[in-house]
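What follows is one structure encoded as structure tokens, with my remarks underneath.
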Amino acid sequence: MKVIGILIACIAITLASFQTIPVARDVIKKEYKVTPGGTLSLDLDRGNIEIESNDENYVKIEMERRARAESSQEAERLLETLHQYEFDKDNDEVSIRSRIEDERGHRRWRKGSAVKIRLSVRVPSKYDVSFKTGGGNVTIMDVSGEISGRTGAGNVLLENIVGELDIKTGAGNIEVSGSLDDAEVATGAGNLSIFAQVGDLYAVAGTGNVTVEIEGQPKGESKLRTGAGNVSLSLHEDVQAEIRGTASIGTITCEFPIDISKKFLSHSFEGDINGGGSASIVMNSGVGNLSLLRR
């Protein structure tokens, strides 16, 4: 009991010390009147990004900044000296740039940055979005347009998107839902999850699982691939498509009437679903299993 009491006291002291770390916080707001169909361009070296549509012809920006330091005055100074940002508007294109300067010589808290950024933007429901970030999570919801982006490391959530996609992350998971005319989604290390109507779809993971559920009839060419991981595709039973797949080192599960071939460690299949058609699907896994399932 004595040991437990000492542990509780130590935990309480540790929590209290975290709570008393001085934090400076501010929120920077800006809004621009725009016409639907414009473009939001983001260029951040780090920080989480949240983008959502609104029912207004405005781009509304809210940037939250936090800094930790040994005193409140030092935390406030870090916000002013380490973080540089710029908002701009050219016709209906709104751009946001954010940089955190070199933090050498400043104490870093909890093995992270002394300065943290969260960017929240509201755009018209029909608006193109382009983003580039070195690190951080990206969430985009209920937007129609061309969505393109690159992130060095971070998860990307794209919910209820209508239009075209071109998304790549060096390391992180990507999840997509909506109606996609043309979509290219790639991660170096992470899982891909796509639940959507699709035209042309290219989904590739260097390492990670690729899970796709296609709503309705696919309209173009789909390529699903991973270097190491499982590939799973779910289709409605009345879909018409030409399909083939290879698991170089792995097995295949198929719920459609297509024969599976085996050669040493490799499994493959090729055939037509409901007579084939203009849609074609290719599935590949270097090390991992393939699953072709009925929805």
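Per-residue HN-Hα couplings for region 160-173, Karplus 6.51 cos²θ - 1.76 cosθ + 1.60 at θ = phi - 60°, whole Hz, x for Gly and Pro?
So the Karplus estimates, Gly and Pro as x, are 6, 9, 10, x, 10, 10, 8, 10, 9, 10, x, 8, x, 8 Hz.
Can you give me the angle between helix 2-19 and the longest principal axis of the chain, using Cα atoms only, in degrees from 0 to 90, rounded to the nearest 10?
80 degrees
Apply the a/c threshold of 1.5 to the C-alpha gyration tensor of region 197-295 and tell me whether it is rounded, prolate or oblate.
oblate
For the chain, build the charge dipole from Cβ charges (+1 Lys, Arg; -1 Asp, Glu) around the Cα centre, then report which of 39, 209, 283 sits farthest towards its positive end.
Of the options given, the answer is 209.
With the Cα gyration tensor of region 85-211 giving a ≥ b ≥ c as the square roots of its eigenvalues, does the rule (a/c under 1.5 for rounded; else a/b larger than b/c for prolate; else oblate) give rounded, prolate or oblate?
It is oblate, given that a/c is not under 1.5 and a/b is not larger than b/c.
Could you give the length gained on full extension between residue 213 and residue 29, defined as 0.36 nm per residue of separation minus the Cα-Cα distance, in nm?
62.4 nm
Tell me which label goes with the value of percent of Cα pairs over 37 Å apart computed from the coordinates here: [x] 32; [y] 12; [z] 20.
Answer label, from the structure shown: [x].
Assuming 0.36 nm per residue, please report the length gained on full extension of the stretch residue 223 to residue 270 beyond their Cα-Cα distance.
Computed gain between residue 223 and residue 270 is 15.5 nm.
For the chain, give the share of DSSP beta bridges that are antiparallel, in percent and rounded to the nearest 5; count only bridges with both residues there.
25 percent
May I ask you to order 249-257, 115-123 by the average number of other C-beta atoms within 10 Å around their residues, highest value first?
115-123, 249-257
Highest first, please rank the peptides 231-243, 69-81 by the mean number of other Cβ atoms sitting within 10 Å of their residues.
Highest-to-lowest ranking by the protection proxy: 231-243, 69-81.
Kindly work out what percent of the DSSP beta bridges joining two residues of region 55-175 are antiparallel, to the nearest 5.
45 percent
So what's the gap between the Cα centers of region 218-294 and region 152-172, to the nearest angstrom?
24 Å
Given a Förster distance of 35 angstrom, what is the FRET efficiency for residue 91 paired with residue 197, based on the Cβ-Cβ distance and rounded to 0.05?
0.65
Tell me, what is the FRET efficiency for residue 262 and residue 141 to the nearest 0.05, using R0 = 41 angstrom and their Cβ-Cβ distance as r?
Plugging the Cβ-Cβ distance into 1/(1 + (r/R0)^6) gives 0.40.
Antiparallel as a % of all DSSP beta bridges within region 179-295, to the nearest 5?
Bridges in region 179-295 are about 20 percent antiparallel.
Counting only C-alpha contacts under 8 Å and six or more residues apart, can you give the relative contact order of the chain as a whole percent?
The value is 12 percent.
Placing unit charges on C-beta atoms (Lys and Arg positive, Asp and Glu negative, everything else neutral), compute the dipole magnitude of the chain about its Cα centre in debye, rounded to 20.
That gives a dipole near 1680 debye.
For the chain, find the longest principal axis of its Cα atoms and tell me its angle to the long axis of helix 72-82, 0 to 90°, nearest 10.
50 degrees
Grab the Cα-Cα distance for residue 77 and residue 237, subtract it from 0.36 nm times how many residues apart they are, and report the gain in nm with one decimal.
51.5 nm
All of the numbers you see were taken from the coordinates with simple rules; none came from a lab. The shown structure was predicted, so the numbers you read here are calculated from the model rather than taken from an experiment. Methodologically, a virtual Cβ is constructed for each residue, glycine included, from the backbone with ideal geometry; neighbour enumeration extends over all protein chains shown.
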